[in-house]
Amino acid sequence: MPVYLRFSDDNRLGLIVEGYLLALLNAIRRSVILYTPVMAVDEVYIIENNSPLYDEMLAHRLGMVPFDSEEALTKYKRPEECSGDERDCTTKVYLVKKVESGESPTWVYTKDLKSDDPEVKPISGDIPIVLLAQGQSVSLEAKLRLGYGIEHAKFIPVSVAVVRYYPKVEIAEDCVKAAEVCPRKVFEVSDEKIKVANEEDCILCEECVKVCGEKVRITAVENKYIFELESTGVLRPKTILREAIKSLRRKLQEFSEKVGVLS
Ligand code: SF4
């Protein structure tokens, strides 16, 4: 049952998977979204806030800031393991910013957040949080912890996680119009003849069928799938896949233990 790497970079991972049940791949995909631990702001203590944003909106914005969670996975405990010392489970960031009278309005960015743990920091310092006018100020302390996407969207590590059928594209060489309508550049035309050049990028949209009719045949290969995910930047794609599979394995273990107790 082969699994091939289709592409892999800092943010994306693509696999071609043959011979595995679609239901199993979908369980892994769902575990990627719902059960991969990610660090995010979970509690905010507002000390001072006379910015245009209500306390709740400011807290919500901080919650949605993506934090680098790669090192946090080994340093902090997962939510289900956290019952004792808070220091094993949480870290803090601080924000203190004031615009004096006479100064021009100033954006507060994620780079203004100061972290207790230098390895847990926003993935970009250029995410705007709030615009402060003259005389306005913000002072707050925020607590971060590992959490799962099933609790809140702020803990979801991916912008995309899909499983799709592996496509098979066949076309008569005179239907060059298909190249113009194909949104994924699956075809290549030379000397007024069309050929399939990039079959794996086909998304089965059937736009080519609308212009070529029976001259094109789009089908899905049985028992062969394309698995793709795109990270938001909080974790490397391979880490996401590894942690998702670990979570799934833990759940299966827990389930089998419970069944064992019942029998
Ligand atoms: S089905 Fe869509 S993506 Fe696939 S070859 Fe046809 S037009 Fe391109």
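Pairs please, first residue from region 116-137 and within 26 Å of E100 (Cα to Cα), second anywhere and of a type in the set (D, E), Cβ atoms under 7 Å, 6+ apart in sequence or on different chains.
Q134/E103; S137/E48
Under 6 Å between Cβ atoms, at least 6 apart or on separate chains: pull out the pairs that start in region 198-220 with a residue that is farther than 16 Å from E173 by Cβ and within 10 Å of the ligand (Cβ to nearest atom) and end on any residue that is assigned to a helix (DSSP H, G or I) and among the β-branched types (V, I, T).
From region 198-220, the pairs are E207/V181.
Can you name the residue in region 168-179 that is in contact (Cβ under 8 Å) with a residue 24 or more places away in the chain and more than 6 Å from the ligand (Cβ to nearest atom) and, of all such residues, is farthest from L25 (Cα to Cα)?
Checking each candidate, the answer is D174.
Any chance you could count how many residues in region 232-263 are touching a helix residue (DSSP H, G or I) at 6+ places or on another chain (Cβ under 9 Å) and among the polar types (S, T, N, Q)?
2
Is at least one residue of region 118-128 under 29 Å from the mean Cα position of the chain (by Cα) and within 16 Å of the ligand (Cβ to nearest atom)?
no
Would it be correct to say that I226 is within 16 Å of the ligand (Cβ to nearest atom), over 13 Å from R29 (Cα atoms) and crowded, with 17+ Cβ neighbours inside 10 Å? Full working, then the answer.
Numbers: within 16 Å of the ligand (Cβ to nearest atom): yes; over 13 Å from R29 (Cα atoms): no; crowded, with 17+ Cβ neighbours inside 10 Å: yes.
When the stated conditions are applied, I226 does not pass them.
Kindly evaluate F187 against the criterion of being within 13 Å of the ligand (Cβ to nearest atom), buried (at least 18 other Cβ atoms within 10 Å of the Cβ), within 28 Å of G19 (Cα to Cα) and not polar (S, T, N, Q).
Yes.
For region 160-173, state whether one or more residues are in the same structural domain as G14 (by TED's automatic domain parsing), assigned to a loop (DSSP other than H, G, I, E, B) and more than 30 Å from R61 (Cα to Cα).
yes
With the condition being outside the structural domain of K121 (by TED's automatic domain parsing) and touching a Gly at 6+ places or on another chain (Cβ under 7 Å), I'd like the strands (runs of 3 or more DSSP E) fully within region 174-263 carrying at least 1 qualifying residues.
216-231
The values are calculated or read from the model by the stated rules, or taken from the named source; none is laboratory data. Note that the structure is a prediction, hence the values are computed from the model and not measured. Using ideal geometry, Cβ is built from the backbone for each residue, glycine included, and neighbour counts are taken over all protein chains shown.
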